[in-house]
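The structure appears below as C-alpha cells.
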Amino acid sequence: MQDAVFQILFLGEHSSWQKVSKLLAKPDAHLQFHPVDSLADLFQALALGRWQALAVDVHAWNFQGLHYVEKVRSEYPAFPIIALFSRAIPELDTKAVTCGASSSIAFDELTPAGFHTAVSVALEEAKSQFFLDEELQTHFPRNEGVATTRTFSKNQVITHALHNLLCVISANADLLSDTLNGNGPDNHSLSEIKKATRSAATLVRHLK
C-alpha cells in the first residue's frame, strides 16, 4: 500500500488549504487532494465519489472543524478522517480523536510520508468493517443499500449530541483561556469547565 495513490478530500479554510497543498500536494507524495468548501459539498462528494480519506482542519470556522469531524463520523463509521491541528492550543488533537478522527497530525509535523502512513493505518483498521477492492477505490456508503434504512438507538442519538456539545465547549474554553492572563476567577472557572468536559468525554466513550 506504500505506493498507492490516495484520493483525499480536504475540508478547511483557504489559509490552511494553502499550507496543506504546499506541504503535501507533490507529484511524488502519492496523495491527491480535493478541497471542498462546506459540509454540504463534502457529503455530496462522499456520496458520489470514491475516496480513501478526509483531512479536516479542526480550527476552521471557529473550531467548527471539530463538529464536522463528528458529523462525518456519525454518517461514515469507519471512513478514515485525519484531523489537522496546531499545537498552540493544548489537547486539541485529543479532542479531535474524541470527536471521531482516526488520527491527528500537527500542521508543523505534516509530511507526505507521515500523512500517507496515517491513511494507510486507518484503512487497515477499517478493513474489518468495510470491503476494500483491489484497486483501493474505497467507498464507505452512508447506507448499505437502497432498501436499507439506517436507524439509531436512543443511546446513539444522545451520545452524538453529547459529543458535539463537549467538542464545542472544550474548544471554545481553550480559545478563551488564550485571551485571559493571570490566575483570576475567570481562569479558574475555565479550568473547572475543561476538567468537567474531560470527565464527561470519558463517560461518553464508555456509553458508545
### Message
Restricting to region 6-33, give me the number of residues that are surrounded by 12 or more Cβ atoms within 10 Å (Cβ to Cβ) and not in a helix (DSSP H, G or I).
### Response
14
### Complete set of residues in region 58-105 that are crowded, with 19+ Cβ neighbours inside 10 Å and assigned to a loop (DSSP other than H, G, I, E, B)
Val58, His59, Tyr76, Phe79, Pro80, Cys99, Gly100, Ala101, Ser102
### Query
Residue check: is Ala122 in a helix (DSSP H, G or I) and over 15 Å from the mean Cα position of the chain (by Cα)?
no
### Query
Do we find that Gln2 is under 21 Å from Ala126 (Cβ atoms), at pLDDT 90 or above and either surrounded by fewer than 15 Cβ atoms within 10 Å (Cβ to Cβ) or not assigned by TED's automatic domain parsing to the domain that holds Lys195 (or both) in this structure?
no
#### Entry: Neighbours by Cβ (under 7 Å, 6+ apart or cross-chain): first from region 76-98, at positive phi; second assigned to a helix (DSSP H, G or I)
none
### Task
Would you check if there is a residue in region 42-52 being modelled with pLDDT under 95, under 22 Å from Glu125 (Cα atoms) and in contact with a Pro (Cβ under 6 Å, 6 or more places away or on another chain)?
no
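The values are calculated or read from the model by the stated rules, or taken from the named source; none is laboratory data. Keep in mind it's a predicted model, so treat the numbers as computed, not measured. Neighbour counts run over all protein chains shown; Cβ positions are idealised from the backbone, glycine included.
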